[in-house]
């Protein structure tokens, strides 16, 4: 670990299991052990042996370990080669490397707009499908 533990506002060390907590941290939290609960944090670091399960929200996260459940970030999500995230994931921007695993419902803001409309492709697909149906009706009449 490159930073000393005193540089984090909240730290869960290896071999430590913290469950049922609800935390609001206005700084950096590093999890090298196990955390189960709700955490709101400016910057989250999940170490290689770290595991976080629950409702997580914040600005940025560096994931070297495992996150499960809900992760909502307004800024950058960085997932290393050993990082794994499973659940509902929302981020502002994403950086991953080969080996990173993300499984679940994954979304981002499109140009900073949190509302996502149906893509125009679906309208074109519906129009295309309708035209195919019309063509098949016409070919049936020709028989």
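Only the coordinates and a few stated rules stand behind these numbers; no lab work does. For clarity, every value in this text was computed on a predicted model and none was experimentally measured. In this analysis, Cβ positions are derived from the backbone assuming ideal geometry, glycine residues included, and neighbour counts consider all displayed protein chains.
Quick look at the numbers
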read-out: Sorted peptide list for 58-70, 89-101, criterion being average Cβ within 10 angstrom, highest first; value: 58-70, 89-101
read-out: Global form of the stretch 5-117, assessed from the alpha-carbon gyration tensor, a/c cut-off 1.5; value: prolate
read-out: Separation in nanometres of the label points that stand 7 Å from Cα toward Cβ, at residue 82 and residue 108; value: 2.6
read-out: Prolate/oblate/rounded label for the stretch 62-107 (Cα gyration tensor, a/c 1.5); value: oblate
read-out: Pair residue 40, residue 96: separation of 7 Å Cα→Cβ label points (nm); value: 2.9
read-out: Tensor-based shape of the stretch 22-65 (alpha-carbon gyration tensor, a/c under 1.5 rounded, otherwise prolate or oblate); value: oblate
read-out: Relative packing of 32-38, 11-17, which averages over residues the other C-beta atoms within 10 Å, highest first; value: 32-38, 11-17
